[in-house]
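Below is one structure, written out as structure tokens, with a few remarks after it.
Only the coordinates and a few stated rules stand behind these numbers; no lab work does. The model shown is predicted, which means the values in this text are computed figures rather than measured ones.
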């Protein structure tokens with residue numbers, strides 16, 4: 001199911017048939033280095049991720065999605081809104097290496113945040129960025145996210161925490 005379209009991307013629910021493409025992305029150390037514990041995912045972990053995402057669509061309407069090149073329909077990345085902790089919603093994204101530096105992360109994240117605020121009425125969307133991931137730090141700053149603090153994540157890795165509040169829900 002298509003969730004969102006941008007100028008260059010189709011964003012749709014992950015399907016069981018996406019396993020090979022998702023595994024290619026998630027087993028690439030360069031792509032996964034700044035996600036989770038930074039370790040490539042096993043085939044079993046990738047299959048579990050698809051199932052968890054599909055369950056999330058049913059329960060809350062959102063989760064991790066397949067990111068497709070709008071012209072070729074090829075899966076070139078993944079991203080979406082996930083719940084790392086109670087009451088938190090975090091934006092995540094990753095693209096295959098040939099797509100880096102083309103503005104796709106900003107294009108996707110801007111549209112996904114807008115959808116999160118408008119469709120799902122989320123009060124806040126957060127981002128956790130490894131301080132060494134300068135590209136993602138630049139993306140969240142372009143989106144207007146506010147730097148909250150530096151610290152460590154659940155894997156005890158250095159992390160910069162950012163957030164953006166839903167402008168429609170900010171009391172004046």
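Among 59, 141, 51, which one shows the biggest mean-square fluctuation in a GNM of the chain, springs joining Cα atoms closer than 10 Å?
The residue with the greatest mean-square fluctuation here is 59.
Per DSSP helix of 4 or more residues, -39500 (n - 2.57); summed, then divided by the residues of the chain. What does that give at 222 nm, rounded to the nearest 500?
-9500 deg cm²/dmol
Pick out which of 76, 125, 52 has the largest mean-square fluctuation in a Gaussian network model of the chain, springs linking Cα atoms closer than 10 Å.
Residue with maximal mean-square fluctuation among 76, 125, 52: 52.
So what is log10(I(q)/I(0)) for the chain at q = 0.10, 0.17 1/Å, when the Debye sum runs over its Cα atoms only?
Ignoring solvent entirely, the Cα scatterers give -0.35, -1.10.
Would you kindly state how much longer the chain becomes between residue 120 and residue 168 on full extension, computed as 0.36 nm times their sequence separation minus their alpha carbon distance, in nm to one decimal?
Contour length minus the Cα-Cα distance gives 16.1 nm.
Quick one, can you get me the convex hull of the C-alpha atoms of region 84-172 expressed as volume per residue in Å³?
Cα-based convex hull of region 84-172, divided per residue, equals 109 Å³.
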